[in-house]
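S.K.: The structure under discussion is supplied below as structure tokens; questions concerning it will follow.
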């Protein structure tokens, strides 16, 4: 091996190592930290917590040491050197493809079959390539801008894409885990901001957002700024469709009032603690929100006067609900008028009548009024 070839080989290995280390650390720290956090929480039974910086650094180091061991065993050189990173990338992919559930053990799904199969194929392919290397030189043209270097860069890039495509990339699941981690740090604003610009959501994410907003006294002001799925049942966890993975539900019940022994639906629970005067202020907000989520305007207007003066200082969604109720009833239980709100509702009605096509009308209304209770009342699921 000439001096230039030796330098070129060192360059290939150094650049490959840098690319691998940077990708793995950034991938774990910036994108998959929430998945690893909930995995550790489930595996430890909630006794330990995941620290993103330390966790990402340790996993990156272990995977790099694994690559060094694979290279020492396979002796793959030249254009095939990048393949020595494959077992490390495969393990990284499996670790970040999980979708843990507190109600059952962590499941690896098809990886039980795919993982050993890929390792067998890798071992067979590596053996064939190694035999070819004994017959042909793979060092020719080695250098900083050589084909050998770019073949390895492309190999690594392909493996990085493989990890990204085969890992857990469920946006809503990521939002939920990030929001729960914020709640565990008492970062209410951070939890409310998670996924704010995305239309993707589910009932569990709606529950987390409702709690984060309620902790800031903003539940009636901003909840319907988000896409909302479900009725009042999404306000409290049920361990089935509305779940908490890390944050403990006892804290939610403590803030609402008291946790009852008997199992009640969220609406019935909130009604019960309200009737028996054991609801805390957040419990009152949850009850009013439950009426709105169930589109029960009659129940809402009969209850809101117990907690609020019906004036312009009401939270936005409460004012919208009262305006809607007033316009829908010829003999309303309460009459609420706000000049700006009434004008906005008239514009909402005009837009409703201006477009005959249902799909187009819904799109136009969502663009302008998607952050209002009026839109939820008309189109909410």
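A short reminder: the numbers here are calculations on the coordinates, not readings from a lab. A quick note: this is a predicted structure, and the numbers were derived from the prediction, not measured. When we count neighbours, we look across all protein chains shown, and the Cβ atoms used for this are built from the backbone with ideal geometry, even at glycine.
S.K.: Would you work out the Kirkwood radius for the stretch 340-381? I mean one over the mean of 1/r across all pairs of different Cα atoms, in Å.
M.R.: After inverting the mean inverse Cα-Cα distance, the result is 10.3 Å.
S.K.: According to the square roots a ≥ b ≥ c of the eigenvalues of the Cα gyration tensor, what is the shape class of the stretch 262-366, taking rounded for a/c under 1.5, prolate for a/b larger than b/c otherwise, and oblate for the remainder?
M.R.: It comes out prolate by the Cα gyration axes.
S.K.: Rounded, prolate or oblate: which fits the stretch 19-109 when a ≥ b ≥ c are the square roots of the eigenvalues of the alpha-carbon gyration tensor, with rounded for a/c under 1.5 and prolate only if a/b beats b/c?
M.R.: Cα axes put the stretch 19-109 in the prolate bin.
S.K.: What is the diffusion coefficient of the chain in µm²/s, taking the Kirkwood radius over Cα pairs and the Stokes-Einstein relation at 20 °C with a viscosity of 1.002 mPa s?
M.R.: Using the Kirkwood radius from Cα pairs, D works out to 87 µm²/s.
S.K.: A follow-up question, please. Rank by packing, highest mean first: peptides 108-120, 210-222, 190-202, with packing defined as the count of other Cβ atoms within 10 Å averaged across residues.
M.R.: Sorting 108-120, 210-222, 190-202 by mean packing, highest first, produces 210-222, 190-202, 108-120.
S.K.: A further question on this structure: Could you tell me which of rounded, prolate or oblate describes the stretch 172-379, using a ≥ b ≥ c as the square roots of the eigenvalues of the alpha-carbon gyration tensor, with rounded for a/c under 1.5 and, failing that, prolate when a/b is larger than b/c and oblate otherwise?
M.R.: oblate
S.K.: May I pose another question? Which of these, 95, 351, 183, has the largest mean-square fluctuation under a Gaussian network model of the chain (Cα springs below 10 Å)?
M.R.: 351
S.K.: Can you give the calculated 222 nm mean residue ellipticity of the chain, where each DSSP H run of n ≥ 4 adds -39,500 (n - 2.57) and the sum is split over every residue, rounded to the nearest 500 deg cm²/dmol?
M.R.: Computed ellipticity for the chain at 222 nm equals -20000 deg cm²/dmol.
S.K.: Report the residue, chosen from 317, 41, 186, that carries the largest GNM mean-square fluctuation when the chain is represented by alpha-carbon nodes joined by springs under 10 Å.
M.R.: 186
S.K.: Test of understanding: in a Gaussian network model of the chain with alpha carbons linked when under 10 Å, which of 251, 29, 291 would top the mean-square fluctuation ranking?
M.R.: 251
S.K.: What's the angle, to the nearest 10 degrees (0 to 90), between helix 281-293's Cα axis and the longest principal axis of the chain?
M.R.: With rounding to tens, the tilt is 90 degrees.
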